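The values are calculated or read from the model by the stated rules, or taken from the named source; none is laboratory data. Note that the structure is a prediction, hence the values are computed from the model and not measured. Every residue, glycine among them, receives a Cβ derived from its backbone with ideal geometry; neighbour counts consider all protein chains shown.
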Amino acid sequence: MILPETSAHLSFLRNHIDIKKVPFSDRGSRLLVLQDKQKPHFSIKLAERLTAIQPDIEAYLRRPPFIKDFYLLDEDGELLDFNVITYPHIVYLQTRLGDFALVFQDEKTIALGLPPQSRTGIRFHVQPQFWETTDGGGVFKAVRNLIYMSNCETVRNEITPDKGGYTVEYIVKADDDSAISITIRNALDQQSRMQPFSTSCASAEARWREWFERVPLVDDKYRSTYTYAWWIMANNLIGPQGQVAYEAMMPSKLSYVGLWLWDSAMHALAYRHVDPELARNQIRAMIAYQLEDGMLPDAVYDEGVIATIDHPISAEVTKPPILAWAALKLHETDPDPDFLQEIYIPLVRWNAWWFAMNDDDVDGLAQYNHPYSSGLDDNPLWDHGMPVESPDLNTYLCVQMGSLAEIAEILGIEFEARMWRKRAAAIVQRMIKDMWDEERGLFHALYEEQPIPVMTPFNLYPLWTGQLPEHIRDRLLAHLTNPEAFWGEFSIPSVAYNDPNFDPLTMWRGPVWVNINYFFIEALRQIGEFELADQLREKTLNLIMSHDSIYEYYNALTGEPPDTAADIFGWTAAVFIDLTIQATRDASGGIETES
């Protein structure tokens, strides 16, 4: 039996989740259900890279769905049209024969509830093998295994080879609590189990209700986007498998399959408010694959890690060093000295790697050897060539060493805390000496010791050190608050509005990225510019709230997400959550939790 509408927590998101654009998934699952934009059918994609099948680490972006052309049928095999009603835990499909419904029975199994006392079924096409020709012949490789079954009488069950795969038509005689289940897994070492649909449905509802009941209350004006952001934070989680050692969050199960280094730090900002251990696991999942020389890889996925990329140049790739800073944020919310002890030495080794392997001229300023290590993949700071000594990287390292000082103090290692503070101060002085341009009033990135002629917010990053002389700080603030450069209606552009390189549609060449806003809000608060910090926070929240979904980046002129921006993007959701909680706390003097 299909259950009636559910609790207020989940009903609030009724039809907010548009499964023509974003996947219906579940916490821990790598299965993604998407509705076709035109025809009455679904597809099921896999949030997996499958590099054992296709070694190209980006092949998953082009791979077709594992199951496509998934139709609902009447007893004669005719297609059923349907209307969709979505909730976080269930998708209702209203047809002329009654309601079908989709829920996740578990991470690997989708259950389709059937209209009671009906003869109905499904048709779908599956392609469980990948094949390609080679110089000497060809190769066939298994993709994933699929099991379908039902808890009611079978009327028709046909499997037909078709279009390089198989078309399945499966019609059953449904009772009052009937379902068809589809399980997709990488091995058949576990017996699939069938259960009444009401059991699967109740379990899914309880799972999601428990998630939302942990969520802190915020001001009503934020509630719609805030609740949706928390759905993203659960929907994008995957369970441990292969190289993924902990439950952790993908930036987007559609567009970014795997765990990324600095994304994981940003995701932890939100998780600390509902599950500090889950927040800590975002950091553990990356540290688990630290390389022998201390480097942390760019990304981790089920079948491997990404520590080298061959485009646009070939070099090692990591991401900006913000894990120590994020760990202290967790510690503020849920103090755990044992966790800080656990990660301290790995973070010290990572800090040492930056200076040992990324300071060719041994001047005390670290460099990026690959543009992707910055996280700002296509920013014009890298147009002139690599390596680049950049103020953003050296600011991150200053903040990291300041964070390591605080961690050392918590752990009772006073002499190391003093050392870290001296090193943080020294890198600030070195940036002033080598990068500061008194005439232009900003910090230059350097290529072959020459200033790179571009204006970006990253040229203002040393504000975050909190250690600049007053006249330098004021010059940077003048740039930041200049509406012709950065302080427009939609702030902060990733290249200044008035810079010739500004392009509002192309990733890091102009659009607004809210993680960068978050860092500047941190910087402004650190130097006592609380009014400016509040203004930037409000700009950021309003930008995100102006859309039904939550995106990777936004056009800095219109506030619209470009077509290339990933949907249901992780750190945008995490930043929105954390800033919303900040804003509510500031307005009310405290914050409560849902009950």
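Tell me which strands (runs of 3 or more DSSP E) are completely within the range 97-155 and hold 3 or more residues being outside the structural domain of P55 (by TED's automatic domain parsing) and surrounded by fewer than 18 Cβ atoms within 10 Å (Cβ to Cβ), or say none if there are none.
No strands (runs of 3 or more DSSP E) qualify here.
Residues D69, D76: which one is farther than 19 Å from M250 by Cα and free of Cβ contacts under 8 Å to residues at least 12 places away in the same chain?
D76
Which residue is farthest from K108 (Cα to Cα), if the candidates are limited to the range 167-177 and must be at pLDDT 95 or above and of a type outside the set (A, V, I, L, M, F, W, C)?
It comes out as K173.
Identify the residue in the range 283-309 that is in a helix (DSSP H, G or I) and touching a residue at least 40 places away in the same chain (Cβ under 8 Å) and, among all such residues, is surrounded by the fewest Cβ atoms within 10 Å (Cβ to Cβ).
R284
Mind checking which residues of the range 199-229 are closer than 11 Å to V103 by Cβ and either crowded, with 16+ Cβ neighbours inside 10 Å or outside the structural domain of L146 (by TED's automatic domain parsing) (or both)?
Within the range 199-229, S200, C201, S203, A204, E205, R207, W208 qualify.
T481 - would you say it is over 27 Å from the mean Cα position of the chain (by Cα), of a type in the set (V, I, T) and within 24 Å of T558 (Cα to Cα)?
Considered against the rule, which asks whether it is over 27 Å from the mean Cα position of the chain (by Cα), of a type in the set (V, I, T) and within 24 Å of T558 (Cα to Cα), T481 comes out as yes.
Would you check which residues across the range 264-277 are surrounded by fewer than 21 Cβ atoms within 10 Å (Cβ to Cβ), in a helix (DSSP H, G or I) and of a type outside the set (D, E, K, R) and list them?
Once the filter is applied, which keeps residues that are surrounded by fewer than 21 Cβ atoms within 10 Å (Cβ to Cβ), in a helix (DSSP H, G or I) and of a type outside the set (D, E, K, R), the range 264-277 yields only P276.
Which condition number in (1) surrounded by fewer than 22 Cβ atoms within 10 Å (Cβ to Cβ); (2) without any contact (Cβ under 8 Å) to a residue 40 or more places away in the chain is the one that G239 fails?
(2)
Please state which one of T572, T580, T558 is assigned by TED's automatic domain parsing to the domain that holds Y226, buried (at least 19 other Cβ atoms within 10 Å of the Cβ) and either in contact with a strand residue (DSSP E or B) (Cβ under 7 Å, 6 or more places away or on another chain) or not in a helix (DSSP H, G or I) (or both).
Unique residue meeting the criteria: T572.
For every residue, the table says whether it meets (1) assigned by TED's automatic domain parsing to the domain that holds L73; (2) surrounded by fewer than 22 Cβ atoms within 10 Å (Cβ to Cβ); (3) at pLDDT 90 or above.
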| position | (1), (2), (3) |
| --- | --- |
| L13 | yes, yes, yes |
| H16 | yes, yes, yes |
| P23 | yes, no, yes |
| G28 | yes, yes, yes |
| K39 | yes, yes, no |
| L46 | yes, yes, yes |
| T51 | yes, yes, yes |
